[in-house]
1. Which residue is surrounded by the most Cβ atoms within 10 Å (Cβ to Cβ), if the candidates are limited to the stretch 66-85 and must be β-branched (Val, Ile, Thr) and either under 17 Å from Val119 (Cβ atoms) or in contact with an Asp or Glu (Cβ under 7 Å, 6 or more places away or on another chain) (or both)?
2. Go through the residues of the stretch 186-201 one by one and say whether even a single one is in contact with a helix residue (DSSP H, G or I) (Cβ under 8 Å, 6 or more places away or on another chain), without any contact (Cβ under 8 Å) to a residue 40 or more places away in the chain and farther than 19 Å from Val70 by Cβ.
3. Is it fair to say Glu217 is in a helix (DSSP H, G or I) and either without any contact (Cβ under 8 Å) to a residue 12 or more places away in the chain or touching a Lys or Arg at 6+ places or on another chain (Cβ under 7 Å) (or both)?
4. Under the condition of being assigned to a helix (DSSP H, G or I) and β-branched (Val, Ile, Thr), which residue from the stretch 114-155 is modelled with the lowest pLDDT?
5. Is it fair to say Thr175 is in contact (Cβ under 8 Å) with a residue 12 or more places away in the chain and not aliphatic (A, V, I, L, M)?
6. Would you point out which residue out of Ala366, Ala393 is at pLDDT below 95, buried (at least 19 other Cβ atoms within 10 Å of the Cβ) and not basic (Lys, Arg)?
7. Return the total of residues in the stretch 280-296 being surrounded by 17 or more Cβ atoms within 10 Å (Cβ to Cβ) and modelled with pLDDT under 95.
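The values are calculated or read from the model by the stated rules, or taken from the named source; none is laboratory data. Treat the numbers as computed from the prediction; the structure is a model and nothing was measured. Neighbour counts are summed over all protein chains in view; Cβ atoms, including those assigned to glycine, are modelled from backbone coordinates with ideal geometry.
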Amino acid sequence: MKLHLRWQILLALLALGLVVSILSFQVQTSSLCVTRVPASGGIFAEGTVGAPQYLNPLLSDANPVDRELVSLIFDGLTQVGEKGQIEPALAETWTVGADGRTLQFTLRDDITWHDGQPVTAADVVFTYGLMQQDDFPGSPALQTLWQSVIINQIDDDTVEFVLAEPYAPFLEATTRGILPAHLLAAVPPAELPAHPFNQSPVGSGPWRIQSGQNWQESRRLQLTPNPMTWREGTQIPTLEFRFYPDDDSLLAALTAGEVYAISQVPPAILPSVAAMPDVRLFTAVSPRYTMLLFNLSDTAPLIQPVEMRQALAYALDRQALIDDSLSGQAVPLEGPYLPSSWAYNPRQLTPYVHDPLTATARLTAAGWVLPEGQNVRQNGDQPLVVRLLTLDAEPYRALAQNLQAQWTAVNVNTLIITVPSAMALRESLTSGEFDVALIDVIPPTDPDLYDFWSQEALVRGQNYARWNNRRASEALEGGRQVWAVDERRPYYDTFLRLFDAQLPALTLYQHVTTYALNSDVKQVEVNLLQTPRDRYVTFAQWFLLYRDVTVSCPLPTPQS
């Protein structure tokens with residue numbers, strides 16, 4: 001009996017312990033909660049119109065898609081900063097010699113190529129040396145510049161450039177991406193365009209190409225974050241670019257959820273994109289503007305009097321042009337410099353606001369009067385017909401038609417002349433068979449506009465307006481021969497005063513870049529859009545996925 005009683009006591013104690021354990025588990029479980037937190041994974045797909053051709057910083061100038069991707073993959077010695085200034089990139093520091101002709105760059109000691117090899121001064125000498133070769137297949141302007149420069153490697157970390165004469169704009173040339181000598185040194189320059197490197201390049205920038213891709217067929221290119229840049233990692237492991245043939249295809253891809261983002265929303269589809277409830281738009285001015293170029297040569301006698309050019313300027317409502325032709329996606333701008341340039345000085349410029357009365361007064365002063373009962377002004381028996389040259393593409397067609405309508409309001413007849421391509425436009429600009437040309441300009445970061453407006457650029461350059469002004473040319477020449485900004489500024493102020501007085505061109509607006517992003521991409525901040533890299537500055541915190549985790553439940557709030 002005693003043994004039997006002990007077993008009953010033992011079983012009772014075990015049962016009691018089990019009950020206590022169950023009750024304890026229930027209490028613990030009731031104090032735990034499940035919450036969702038960011039999780040690593042997913043592919044961030046971004047769409048763009050066009051496709052890459054050469055993922056090579058020496059061959060990318062002609063293709064906007066190439067330029068964008070190259071900017072992500074490659075670094076230069078320097079880079080353009082937030083306010084348009086030149087900042088260090090691969091180079092840690094640089095100095096300009098007392099003669100103004102010698103520059104020495106010292107490289108950082110912590111940089112490697114995407115394949116792990118160190119970046120050295122030998123890579124810099126190799127890259128810029130390629131552009132000196134007679135069989136260099138890239139831009140002739142690059143070849144001309146670099147053939148005038150002596151390049152010396154001082155040691156593994158130092159490279160020296162000796163210029164023929166002081167030339168302050170040279171610093172901008174060092175923003176061009178550097179190529180790896182250990183992969184390309186044996187490739188003859190003429191064979192560079194056909195080399196497989198251009199399809200799967202190795203750079204030193206913040207993004208690297210995933211190997212084994214055939215983006216020519218798939219029309220997709222995947223990049224991964226460079227761990228040397230993103231040292232703490234990223235939530236999203238893959239950035240994928242998808243390439244579309246036209247605006248409509250790109251819009252359809254965003255609508256169907258094929259892509260999370262559009263890198264640059266074309267104006268034609270912006271209203272449709274803006275109407276999507278699950279899409280956020282990030283907008284910023286871009287380093288490009290559109291201007292009216294006046295032909296000051298003998299082939300355009302109608303435009304010779306400055307009063308005529310001023311009249312055409314005052315007749316325009318630039319904000320209406322922007323609203324009607326670009327869905328409001330631009331900013332009116334005066335002068336040949338962007339506001340981000342240190343040479344920008346609106347105090348030197350006349351603000352050409354919409355003023356039809358002043359426009360008609362200038363037209364009359366130029367000899368063009370409106371006969372009674374007529375709709376078009378005349379000078380004697382000659383009707384006033386302005387030949388407007390533009391690309392046969394949008395938004396240029398819409399802009400030309402709106403310009404035509406606004407000039408018609410002051411009794412100026414406009415003949416729109418369209419050309420099918422950028423090459424055809426350059427040929428027409430060169431021939432001079434126009435009165436006014438509608439053109440886009442991507443100005444250099446440095447304020448040197450010698451190749452656009454100097455007397456030398458009439459023969460060897462892009463002075464398509466044929467503005468032949470000795471004092472303006474001398475100011476531009478002087479401004480490029482000194483290095484300090486305070487010494488350069490008076491030259492460019494002089495140039496602006498002369499430019500304003502004679503008005504060889506009228507800037508209509510600065511372009512705006514709009515980045516579209518689906519709200520499924522979380523924790524995104526985009527502040528700048530001046531370079532392709534800008535939109536990914538906070539990429540490390542972006543995420544696409546969630547995971548569930550168990551945490552302690554918050555204590556209930558005491559009731560008062």
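1. Start the filter on the stretch 66-85 by keeping residues that are β-branched (Val, Ile, Thr), which leaves 70, 73, 78, 80.
Next, from what is left, pick out any that are either under 17 Å from Val119 (Cβ atoms) or in contact with an Asp or Glu (Cβ under 7 Å, 6 or more places away or on another chain) (or both): 70, 73, 78.
Working: Val70: 25, Ile73: 22, Thr78: 21.
Only one residue fits best here, namely Val70.
2. no
3. yes
4. Start the filter on the stretch 114-155 by keeping residues that are assigned to a helix (DSSP H, G or I), which leaves 121-130, 140-147.
Subset that is β-branched (Val, Ile, Thr): 124-125, 127, 144.
On the way: Val124: 98, Val125: 98, Thr127: 98, Thr144: 93.
Restricting to residues being assigned to a helix (DSSP H, G or I) and β-branched (Val, Ile, Thr), the top hit is Thr144.
5. On the way: in contact (Cβ under 8 Å) with a residue 12 or more places away in the chain: yes; not aliphatic (A, V, I, L, M): yes.
Criteria met by Thr175.
6. Details: Ala393 fails: buried (at least 19 other Cβ atoms within 10 Å of the Cβ).
Among Ala366, Ala393, only Ala366 is at pLDDT below 95, buried (at least 19 other Cβ atoms within 10 Å of the Cβ) and not basic (Lys, Arg).
7. Counting residues in the stretch 280-296 that are surrounded by 17 or more Cβ atoms within 10 Å (Cβ to Cβ) and modelled with pLDDT under 95 gives 4.
So that you can scan it fast, the table gives a plain yes or no per residue for (1) touching an Asp or Glu at 6+ places or on another chain (Cβ under 9 Å); (2) assigned to a strand (DSSP E or B); (3) surrounded by fewer than 19 Cβ atoms within 10 Å (Cβ to Cβ):
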residue	(1), (2), (3)
Phe499	no, no, no
His511	yes, yes, no
Thr514	no, yes, no
Asp520	yes, no, yes
Asn527	yes, no, yes
Ala540	yes, no, yes
Thr550	no, yes, yes
